[in-house]
1. In region B:234-276, what count of residues is obtained for those that are of a type in the set (S, T, N, Q) and open to solvent by 60 Å² or more (accessible area, probe 1.4 Å)?
2. Give me a count of the residues in region B:308-362 that are more than 25 Å from A:S71 (Cβ to Cβ) and touching a Cys at 6+ places or on another chain (Cβ under 6 Å).
3. Taking into account only those residues within region B:217-266 that are assigned to a loop (DSSP other than H, G, I, E, B) and among the hydroxyl-bearing types (S, T, Y), which is nearest to the other protein chains (Cβ to nearest Cβ)?
4. Take region B:368-427 and flag every residue that is within 25 Å of A:D15 (Cβ to Cβ) and assigned to a strand (DSSP E or B).
5. Looking only at region A:9-27, count every residue that is assigned to a loop (DSSP other than H, G, I, E, B) and open to solvent by 10 Å² or more (accessible area, probe 1.4 Å) and tell me the total.
6. Among the residues of region A:59-88 satisfying the criterion of being more than 13 Å from A:D19 (Cβ to Cβ), open to solvent by 10 Å² or more (accessible area, probe 1.4 Å) and part of a loop (DSSP other than H, G, I, E, B), which is farthest from the other protein chains (Cβ to nearest Cβ)?
7. Given the residues B:G48, B:G21, which is the only one that is within 13 Å of chain A (Cβ to nearest Cβ), small (G, A, S) and farther than 25 Å from B:S122 by Cβ?
8. Residue check, B:T139 against (1) within 11 Å of chain A (Cβ to nearest Cβ); (2) more than 19 Å from A:I96 (Cβ to Cβ); (3) among the β-branched types (V, I, T), all met but one. Which one?
Amino acid sequence: MKKFGGPVLFLDRSDINTDEIIPAKYLTEITKEDLKPYLLEDLKLPGFDPKSSETGKCRVVVSRANFGCGSSREHAPWVFEVNDITAVIAESFARIFRQNMFNCGMAAIELSKEDIDCIFSFAGAGETVIDIDMNSCTIRAAGGGRVESFNFIISPFDKALVLAGGWVDYADSRY
Amino acid sequence: MGKTTAEKIFAAHLVDEPFPGTRVLRLDTVLCHEITTPIAIDDLVRRGKDRVFDAKKIKAVIDHVTPSKDSKTATQAKILRDWARRHAISDFFDIGANGVCHAIFPEKGYIRPGNTVIMGDSHTCTHGAFGAFAAGVGTTDLEVGILKGVCAFREPKTIRFNLKGKLHKGVYAKDLILHIIGRIGVNGATDRVIEFHGESIDEMSMESRMTLCNMAIEAGGTSGICMPDMTTVVYLWPFISSEFPSKEAALAEYSKWRADDDAAYETVTDIDATLVEPAVTFGYKPDQVKTVSEMAGEPVDQVYIGSCTNGRLEDLRIAAGLLKGRKIAPAVRGILSPATPKVYSDALKEGIIDIFMDAGFCVTNPTCGACLGMSNGVLAEGEVCASTTNRNFMGRMGKGGMVHLMSPATAAATAIEGKIADPRRYL
């Protein structure tokens, strides 16, 4: 199982689409590693710079509703993965993106709007670090001298995919 | 309790229920293109599992960038081509025979009522027009589909729209689906199947139903679904005539996939189709929709007619109806991309291509190209395109460019005037 946790990248907008996560012109790359420089290249958010060193340090993305909508491109989870971001926490996800994350053994975790608001209240007060425990289904957020904990629900199937390291190994052993 | 179409299809294809709420389904058809399949092929090779579950149930096309524009896209095409040959996938479409996936596969009669279909492409929901469950998936789901012929889904919830009354002249399936997305939002159907019912759907051609279902994903929908009827049977008849003694017999068989009258829906929404007007998007999300009257006068640099949404013969006929004997505005670049070689060839025979060219359009070969900013009509920074495609995301058609989504009729009127224009004055 992958390790989930680390410094947080806050993306404070709903409906962030997979074209913004990885523009289509880079879908011609044949290896996942080649996608690395293009993470979130077309995302326009106040104060956000995809090339900054802060962005480069992040290991968890926190965002709002309907994260990963649009194109089915699995290049979106892959560009996170090759940048060492293995978990996204959001109010809700587009179906294909969410499934792609779990299929790759990564985590797409949904929290209530109130919990997401609470995590966003950490933003701007120095580095925020999140730890995710997939066994107890808890998230611990720490930063600016504060600590908050959250419980999440993950479907048993999605959890099984994370534990198996993805859908190919899981399916190959069963079907 | 009756069943929705998706519930019937799920029940008939269930292979496993590893956990409550998770359904592993047997797949009737796995569709492939050269953007999302090569990495699946590469991974299967690396795992020593370079096999396919059933070469006859796999269909493949090179469509996103074709002919290849550079070494990288040529390599992607080569990986898919070599794989199709290696596994004797006979339904493979390459240069000269290739077209936009969600136009060419239905045109070949591959999608039947009651089918389960996946593809590594979000607009796979298009094929629900045939009464199928068709879902876009990522590369890993595609890889497992290729290897095992199965895919896992959550239990489907269905939302139903009843389209009452008839669409007015100048209002098309594209306007209707933009109207619906504008009402329910870009995540209004997430993890849901959308069923379309009602008089205006019953009267629609298969082409229009494909336009409608194509954009279900823009509301987050897993699959759009229309009920199979005699229109479906007539469209498929050239491919199924040996399977059934008559069209009525085919209809009787396919009708079992129609939703039951007492099926349970999460929501049922009635829409008065007579109130729907030509629709145009205004921002960077497909649910930012206004009427053409509200958007009229916005200048555009380019008009693009094509794609899996609106690149079929019916779309070209409608646009040509407005363009005939007219010229597009001098400052506008008009691009037509017929979605398949058959669409192109039929349009040539009908004189439609001449009408477009006389009006000042450039006609490209069938390809996804400009829709996702890959080739054949990419925008420059600050440019605006009136487009019959499906996504207006920021940068979608080129970094810094803007897209207004609309019907082929509205796109043609806009080309003539050089600014967003109401098509009804030209009908």
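The values are calculated or read from the model by the stated rules, or taken from the named source; none is laboratory data. Given the structure is predicted, the values throughout are model-derived calculations rather than measurements. Don't worry about glycine lacking a Cβ; one is built from the backbone with ideal geometry, like all the others, and counts go over all protein chains shown. Surface areas here come from the heavy atoms of the whole protein model, side chains and all, with no ligands, DNA or RNA. Shrake-Rupley method; radii C 1.70, N 1.55, O 1.52, S 1.80 Å.
1. Keep residues of region B:234-276 that are of a type in the set (S, T, N, Q), which gives B:241-242, B:246, B:255, B:267, B:269, B:274.
From what's left, open to solvent by 60 Å² or more (accessible area, probe 1.4 Å): B:242, B:267.
Adding up the residues that qualify gives 2.
2. 0
3. Keep residues of region B:217-266 that are assigned to a loop (DSSP other than H, G, I, E, B), which gives B:220-222, B:227-229, B:241-246, B:258-262, B:264-266.
Subset that is among the hydroxyl-bearing types (S, T, Y): B:222, B:241-242, B:246, B:265.
Working: B:T222: 6, B:S241: 34, B:S242: 32, B:S246: 38, B:Y265: 18 Å.
This residue is B:T222.
4. B:V384, B:C385, B:A386, B:S387, B:M402, B:V403, B:H404, B:L405 - these are the residues of region B:368-427 that are within 25 Å of A:D15 (Cβ to Cβ) and assigned to a strand (DSSP E or B).
5. Going through region A:9-27 one residue at a time, the tally reaches 4.
6. A:R59
7. Details: B:G21 fails: farther than 25 Å from B:S122 by Cβ.
Only one candidate passes the filter, namely B:G48.
8. (2)
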